[in-house]
Amino acid sequence: MDVFYADTPEKPLALPKPIPRRLRDGLQMLLRSIYPDSDQSALLEQTIAAFWPGDEQPRRRGRAPANTLWSEQDSYVITYGNSFVNGEHKPLDLLSDFLESHLKGTATGVHILPYFPYTSDDGFAITDYYAVDSGLGAWEDIGRIADNFRLMSDLVINHCSSQSTFFNEYLLGHAPYDKFFFEASPDDDLSMVVRPRAHPLLREVETAGGTRHVWCTFSHDQVDFDFSNPEVLLEFLRILRFHISRGVRTLRLDAIAFLWKEVGSPSIHLRQTHEIVRLIRLLADYTAEPLVLLTETNVPNAENLSYFGNRNEAHMVYNFSLPPLLLHALLHGTSKHLNAWQMSMPPAQLGCTYFNFTASHDGIGMRPAEGLLSEEDIQRVIDTAVNFGGLLSMRKMPDGGTRPYEINIALFDALKGTIEGEDQWNVERFLCSQIIAMGLEGIPGFYIHSLLATGNDHDGVEKSGHNRAINRHRWHYPDLLAQLDDAESRHARVFSALTSILKTRSRQAAFHPNATQFTLQLGEQFFGFWRQSIDRSQSIFAIHNLTNQTTSIPLMSLNLIDGDTWTDLISGDDIREFGGELEFAPYQCRWITN
């Protein structure tokens, strides 16, 4: 291995640790491109020192792109730290208890949504990145969960709370924080800026240096950082290293698409944003800990896929188009658009995979449906969801108008019927949605309120004044356990079915996140795909009835290999016993394997 030490023309910089050649070259190339006016040698030294402080050292060789960071056994649960409360124990203790008692051996990872002190947006307006919200617990509670599940944590890198120490120091004019936040003028041309919200972009504040206007992508309590200042990047590398030391192994880069701003540009997906993701990926490849990066970019499909880069950006990207397309398919009883999208999706590159989810703490984003569903289809989905108790959040357009940004609704209630109205197939339709996500290429992630079949929380909306609270219910823990102990409750029925099928999934090599996938053409009432294990030892035909009618398909359409025994992993049926036609009950799903 070639080892170098950073130096300047004037004098050598005696770094306390060696830098592998490829790491040095890669960092220098990226830093030079992102910050061309900075002292490159000094910035390289500072970058290494920020990410590997003290005695920490990079690996001698970076991890090459490979499919070994995950397997068919992997799945994540997505939850807030206080999804369970009882007024007596720390919420993180209750979460740990639930994970250990109900999901050990079923899910391998847990995404705990921001568990830091905050002022708004249920955790996404952080005041201190180095602390745990005392209302949830402490770092030792986070560590206890990280000891038993792969911990995913949010790096809320685009913005922080307007009441954070960082921003207070900015207001006081104290270096280096006086240049930590992005400023613009009300006279600037900001018409091209892509907006996810409808509020005014700039917020006027009084600082020690006078009146300033700070950029606020998401709310006026969430102030955007200025990453054109390398000190901001260095601070976040220190934060990242601190989180890794506390057990974080999967890093969710929140709202990463908006990171770099330039007046007169759309200020989304800019070159420097991608290069900062590449820089973090490069550092991750040289960490001793097996770190996985997940980018959160709630944007149209092609833009989202760009964050794979050339196997040098995110390990995982959210499959953001899946939730609206799946909702459309099950509300309309047709796979037409879901099939078209799935057939156009490229297999993830080596060392990359998709993160498949159907619901989240936010809403069902409608931007990822742009270009995939017609305006009429989108409106029908919205109207149906609103009829089922859902709400709608808007975003501002360049012409000053607004457009639907997301549907706010609990997915279980979003699927209580079809575009024709409510019916008796709510549980079956909902289970179908989750089983589809389990089988697709990638790693599945399940929002806690989907696993528990939690409905719309309108009381939460009324109390908070925020639409997104509709799907952020806090369970009184004893009440939840009672519901799960009642085999007749919908919560027990859904949770038992999903955990049982997840355990089955984890034993199938054909469900490796990078196993081959091929879309089947079985008629619009079915959504089907074929998966084959990497070593070609197992095939699975995953077929799902999207309608509320009993229907069938000719077995010959599946091209089952003669001489093999074909079994439905979900029902246990011997497929050959069906003769020439394979029957499906309403919303029934089958995993047919040899």
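The values are calculated or read from the model by the stated rules, or taken from the named source; none is laboratory data. Everything numeric in this text was worked out from a predicted model, so none of it was measured. Counting neighbours? That spans all protein chains shown, and the Cβs are built from the backbone with ideal geometry, glycine included. Ligands, DNA and RNA are excluded from the accessible area calculation, which covers all protein heavy atoms including side chains. Shrake-Rupley method; radii C 1.70, N 1.55, O 1.52, S 1.80 Å.
Could you compute the net charge surrounding Leu569? Neighbours are other residues with a C-beta less than 10 Å from the C-beta of Leu569; K and R count +1, D and E count -1. All intermediate terms of the calculation are to be shown ahead of the outcome.
On the way: positive: Arg505, Arg507, Arg590; negative: Asp568, Asp573.
Overall, the nearby charge balance is +1.
How big is D, in µm² s⁻¹, for the range 395-546 by Stokes-Einstein at 37 °C and 0.692 mPa s if Rh is the Kirkwood radius over C-alpha pairs?
Values: Rh = 17.8 Å.
Result for D is 184 µm²/s.
For a protection proxy built on the mean count of beta-carbon atoms within 10 angstrom, sort 469-475, 231-237 highest first, please. Display every interim value, and only then the final one.
Values: 469-475: 22.0, 231-237: 19.4.
My ranking of the peptides, most packed first, is 469-475, 231-237.
Using the Cα atoms of the range 207-247, I'd like the radius of gyration and the largest Cα-Cα distance, Dmax, both in angstrom.
Cα radius of gyration and Dmax of the range 207-247 are 13.8, 42 Å respectively.
Let's test this: bin the Cα-Cα distances of the range 29-151 at 5 Å from zero up to the farthest pair and state each bin's percent.
2, 9, 14, 14, 14, 14, 14, 11, 6, 3, 1
How big is Rg to Rh over the range 290-337, alpha-carbon atoms, Rh as the Kirkwood inverse-mean-distance radius? Mind dumping the intermediate values first?
Working: Rg = 13.4 Å, Rh = 12.1 Å.
Taking Rg over the Kirkwood Rh, I get 1.11.
Enter the per residue convex hull volume of the range 149-246, computed from alpha-carbon coordinates, in Å³ rounded to the nearest integer. Write out the running numbers ahead of the final one.
Values: hull volume 12.0 nm³, N = 98.
Output value, Cα hull per residue: 122 Å³.
Taking the Cα centre of the range 225-371 as the origin, how large is its charge dipole in debye, to the nearest 20, when only Lys and Arg (+1) and Asp and Glu (-1) carry charge on their Cβ atoms? Mind dumping the intermediate values first?
Details: 12 positive and 13 negative charges, 64 e Å.
Once rounded to the nearest 20, the dipole reads 300 debye.
State the Cα centre-to-centre distance between the range 548-586 and the range 16-75 in whole Å.
Using only Cα atoms to place each centre, the spacing works out to 51 Å.
Shape call for the range 513-594 from the C-alpha gyration tensor, a ≥ b ≥ c root eigenvalues: rounded (a/c under 1.5), prolate (a/b greater than b/c) or oblate? Kindly include the intermediate steps, with their values, before the conclusion.
Details: a/c = 1.81, a/b = 1.30, b/c = 1.39.
It is oblate, given that a/c is not under 1.5 and a/b is not larger than b/c.
Residues of the range 69-113 with backbone nitrogen within less than 20 Å of a virtual label 7 Å along the Cα-to-Cβ line of Ser134, please, listed as ranges.
Under cut-off, by backbone N: 81-82, 86-94.
Under the rule of -39500 (n - 2.57) per DSSP H run of 4 or more residues, summed and divided by the residues of the chain, what mean residue ellipticity at 222 nm is obtained, to the nearest 500 deg cm²/dmol? Each step should come with its number before you reach the end.
Values: 17 runs with 173 residues, N = 594.
Taking each H run of at least 4 residues, the total per residue is -8500 deg cm²/dmol.
Under the rule a/c < 1.5 gives rounded, and otherwise a/b versus b/c splits prolate from oblate, where does the range 481-548 land using the Cα gyration tensor?
Working: a/c = 4.54, a/b = 1.59, b/c = 2.86.
Oblate, because a/c is 1.5 or more while a/b does not exceed b/c.
Skip the ligands, DNA and RNA, and give the accessible area per residue of the chain with a 1.4 Å probe, whole Å².
Values: 22550 Å² over 594 residues.
Solvent-accessible surface per residue comes out at 38 Å².
Near Asn301, within a Cβ-to-Cβ distance under 12 Å, what is the net charge of the other residues, with Lys and Arg +1 and Asp and Glu -1? Each step should come with its number before you reach the end.
Working: positive: Arg367; negative: Glu303, Glu370.
Charge balance near Asn301 sits at -1.
Quantify, in whole percent, the carbon and sulfur part of the accessible surface of the chain (1.4 Å probe; protein heavy atoms only).
On the way: 10770 of 22550 Å².
Of all accessible area on the chain, carbon and sulfur atoms account for 48 percent.
Go through 355-363, 27-35 and give me the packing order, highest mean Cβ count within 10 Å leading. Spell out each step's value before the answer.
On the way: 355-363: 23.7, 27-35: 17.8.
Per-residue mean Cβ counts within 10 Å order the peptides as 355-363, 27-35.
Does the range 436-510 come out rounded, prolate or oblate, given a ≥ b ≥ c as the square roots of the eigenvalues of its C-alpha gyration tensor, rounded meaning a/c under 1.5 and, failing that, prolate meaning a/b above b/c? Don't skip to the answer; put the middle values down first.
Numbers: a/c = 3.45, a/b = 1.55, b/c = 2.23.
Oblate.
Compute and list, largest first, the equivalent-ellipsoid semi-axes of the range 546-594 from the alpha carbon gyration tensor, each √(5λ) rounded to a whole angstrom.
Details: eigenvalues 71, 29, 14 Å².
Here the semi-axes work out to 19, 12, 8 Å.
Report D for the chain in µm² per second (integer): Stokes-Einstein, Kirkwood Rh on Cα pairs, 10 °C, 1.306 mPa s.
Values: Rh = 25.3 Å.
In µm²/s, the coefficient rounds to 63.
In square nanometres, what is one fourth of the surface area of the convex hull spanned by the alpha carbons of the range 85-221?
Values: hull surface 43.2 nm².
Projected area, direction-averaged: 10.8 nm².
List the pairs from Lys261/Lys416; Lys104/Lys416; Lys17/Lys179; Lys179/Lys396; Lys416/Lys463; Lys336/Lys503 whose alpha-carbon separation is above 32 Å, in the order I gave them. Each step should come with its number before you reach the end.
On the way: Lys261/Lys416 42 Å; Lys104/Lys416 30 Å; Lys17/Lys179 30 Å; Lys179/Lys396 28 Å; Lys416/Lys463 25 Å; Lys336/Lys503 30 Å.
Over 32 Å Cα-Cα: Lys261/Lys416.
Projected area of the range 235-307, taken from the Cα convex hull and averaged over every viewing direction, in nm²?
5.3
For the range 411-458, what log10 I(q)/I(0) values come out of the Debye formula at q = 0.33 1/Å, with one point per alpha carbon and no solvent?
Listed by q, the Debye log ratios stand at -1.24.
With only alpha-carbon pairs counted, each pair once and no self-pairs, how large is the Kirkwood hydrodynamic radius of the range 335-456 in angstroms?
15.8
State the volume of the convex hull built on the alpha-carbon positions of the range 115-178, expressed per residue in Å³ and rounded to an integer.
98
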